[in-house]
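Enquirer: The structure's right below; bear with me while I get my questions together.
What follows draws every value from the coordinates through simple rules; no lab data is involved. Only a predicted model underlies this, so the values are computations on that prediction, with no experimental measurement involved. As a convention, Cβ positions derive from the backbone with ideal geometry for all residues, glycine included, and neighbour counts pool all protein chains shown.
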Amino acid sequence: MSLFITFNSVNIQELIQKITDITIWKKGDQRAPHKPLLLLYVLSQYRQGHERLFNYGTEIEPPLFDLLNRFGPQRNHYYPNMPFWRLQKDGFWQLTNIENCINSNKPSKEPTSKQLISCQVYGGFDEPTYQYLTKHPLIINQLAEKILNQHFPESVQENLINQLEFDFTDFYRQRDPKFRQSVLRAYNYQCAICGYDLRHDSISIGLEAAHVKWKQHGGPCIVNNGLALCSLHHSAFDMGVIGLNSDLKIKISNGANGNQMVEKLFWDFDGKKILLPRTREDYLHDQFIEWHFKEVFRK
């Protein structure tokens, strides 16, 4: 039975399309995961029985700031107020108590976090959509999976699922087997960071093909945008713990910490060159390295 039905004036196909088409702030190749992270947080709270509306100051600003700090690009400042306010224009998000937040002289100017807090602004999905989602939690999962697949690579998806306590029994992922095969072959079936190359007979175990520039941000599925990495270093690379400079030398984030095992698995590789493909034509392209260093690596 199709899930794309109308229920109490809610067309689920239209809702999925609206969430797919949310307006994302763009400036060149910079990442702006503010709205996706806000929606994932709200959907996870609905799964746990939260009422429709969230108080911005007590229920949105602190957790969204934390999610941006953990899963967003490294920035000097984060602005949780912007996605909370701007989602109004995407067709399914409502705010209350906004009258005193609107500048009569500049009505298009967005209120600051302090103004949203002082005005006791609340926000959430509109009433019909909320009522439908509370009665059909599987749709919440479907919307969350859509957001995750559209905006984050697989290893970050896993971390977000755990962070937000989603319960996905069958999480669909879009993989390109040709990309994996060509990248692993180029790196001689070894992790480019540590050289890990476990095989069971002829089958590689725990070795993955990482996109340097995420495909969710236009990164192509080509060898020159791929790294063969063990699952540990793949996750760390996508979370910004590991980066590369223009000389293909490994950089470890200053935030990386742990016991002696972390020293061996991470800090011992700091400043060393990655294992390079056999042929120069398979080397990483500078534009993808630069994007990862600016938008993912956490210095």
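Enquirer: Using Cβ contacts closer than 10 Å as the measure, can you line up Asp238, Asp90, Asp247 from fewest to most?
Expert: The order, fewest Cβ neighbours first, is Asp247, Asp90, Asp238.
Enquirer: In addition: Please list, ordered by chain and number, the residues whose modelled amide H lies under 5 Å from the amide H of Gly226; skip anything fewer than 5 residues away on the same chain.
Expert: Amide H to amide H, under 5 Å and 5 or more residues apart or across chains, Gly226 pairs with Val212.
Enquirer: Quick one: dipole size for the chain, taken about the Cα centre, charges +1 on Lys/Arg Cβ and -1 on Asp/Glu Cβ, in debye to the nearest 20.
Expert: In total the dipole reaches around 740 debye.
Enquirer: Express in % the proportion of alpha carbon pairs of the chain at distances exceeding 36 Å.
Expert: On the way: 11309 of 44551 pairs.
Distances greater than 36 Å cover 25 percent of the Cα pairs.
Enquirer: Please rank Arg31, Arg52, fewest neighbouring Cβ atoms within 10 Å first, as an exposure proxy.
Expert: Going from least to most buried by this count: Arg52, Arg31.
Enquirer: How big is the stretch 6-164 on each of its three principal axes, counting only the C-alpha atoms and giving the largest first in Å?
Expert: Principal-axis extents of the Cα atoms in the stretch 6-164, largest first: 43, 38, 28 Å.
Enquirer: According to the square roots a ≥ b ≥ c of the eigenvalues of the Cα gyration tensor, what is the shape class of the stretch 149-299, taking rounded for a/c under 1.5, prolate for a/b larger than b/c otherwise, and oblate for the remainder?
Expert: rounded
Enquirer: Once the Cβ-Cβ distance between Gln74 and Ile222 is put in as r, and R0 is 22 Å, what FRET efficiency do you end up with, to the nearest 0.05?
Expert: With a Förster radius of 22 Å, E is 0.25.
Enquirer: Hey, another quick one. Mind ordering 280-288, 181-189, 133-141 by average Cβ neighbours within 10 Å, highest first?
Expert: 181-189, 133-141, 280-288
Enquirer: Taking the number of other C-beta atoms within 10 Å as the exposure measure, put Cys230, Cys221, Cys119 in order starting with the fewest.
Expert: Cys221, Cys119, Cys230
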